[in-house]
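To start, the structure under review is shown below, and the notes come after it.
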Amino acid sequence: MRTVRQVAKAAGISVRTLHHYDAIGLLKPGHVGTNGYRYYGREELLRLQQILFYRELGLPLAEIAAVLDDPAFDPLAALHEHRAALEGRIGHYRTLIRTIDRTIASLEKDEDMNDNDYYAGIAPETRDRWQREAEEFWGKDAVAAAQAKARTFSKEQVAAIQAEMEAIRADFLRLFREGADPASETVQAVTDRHYRWVSHSWTPDAAAFKGLGRYYVENPEFRGTYDAGDLPGCPEFIAEAMAIYADRSL
């Protein structure tokens, strides 16, 4: 039997995550000692492996629980499916990497690319879905205005905007790990930076900024940016900070 700390270290996740999985019934320890310590055996380790594979494939925790608890679930068949899915992703990511490399080269040489080359590896139906979801959430006029503004940015501006977003994301993740209060001055300062970052493309009012926070929670792709394997609840943390900021400042 392994302790919760041993399992967390082996899986590369936090003890907090294992406690969360226990609390929601997704992964119960095999044994709980009289001292309250959790212990995990082979069965639990295999279930955690399945959980983490499904998380990598983008499934929400509730759906993972439904799959694993289905009496018809076959662990061996699931592993073959995971392998096939990951092989498909590897080929897809290689195509995306080639697209990135071509784009980097064209920017460094200040050369134009063929229009289709900008989007190689991104399925047309995926781009269409992103466009449709954005228009449904914010409206066609707001999306069109944001896209038009983004096209005016220089490559230096784009690089700076991307770097700022990564810095903001890192600060949100760090503060969530530290257990910060969404209403605290420190979290609100990062939220202010986030609002100013969003305003590069459009200037949301209070309702729109709150809506963006809800989008981080409700949209699986956006949620995956913040809801890493060891950070369940982080999107809700950010959405709450954004709602507080909107009420106070917008």
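The values are calculated or read from the model by the stated rules, or taken from the named source; none is laboratory data. Quantities reported herein were computed from a predicted structural model and do not represent experimental measurements. Reconstructed Cβ throughout: ideal geometry from the backbone, glycine too, with neighbour counts over all protein chains shown. Each accessible area value is taken on the protein alone, full model and side chains, heavy atoms only, with ligands, DNA and RNA left out. Shrake-Rupley method; radii C 1.70, N 1.55, O 1.52, S 1.80 Å.
Scan segment 10-24 for residues that are among the aliphatic types (A, V, I, L, M) and loosely packed, with under 15 Cβ neighbours inside 10 Å and jot them down.
Correct list: A10, A23, I24.
Between a first residue in segment 62-90 that is farther than 21 Å from K28 by Cβ and at pLDDT below 85 and a second residue that is hydrophobic (A, V, I, L, M, F, W, C) and open to solvent by less than 60 Å² (accessible area, probe 1.4 Å), which pairs have beta carbons less than 9 Å apart while being 6 or more apart in sequence or on different chains?
Final answer for the pair search is H82/L57; A85/L57; L86/L57; R89/L57.
Taking R94 as the residue in question, decide whether it is farther than 25 Å from P235 by Cβ, under 25 Å from the mean Cα position of the chain (by Cα), at pLDDT below 85 and basic (K, R).
yes
Looking at segment 1-57 only, could you name the residues that are under 25 Å from the mean Cα position of the chain (by Cα) and of a type in the set (F, W, Y)?
Y21, F53, Y54
Determine which member of the set L27, L48 is open to solvent by less than 40 Å² (accessible area, probe 1.4 Å) and either over 28 Å from V217 (Cβ atoms) or not in a helix (DSSP H, G or I) (or both).
The unique qualifying residue is L27.
Inside segment 178-233, can you point out the residues that are touching an Asp or Glu at 6+ places or on another chain (Cβ under 8 Å), within 30 Å of A11 (Cβ to Cβ) and at pLDDT 85 or above?
P182, V187, V190, G213
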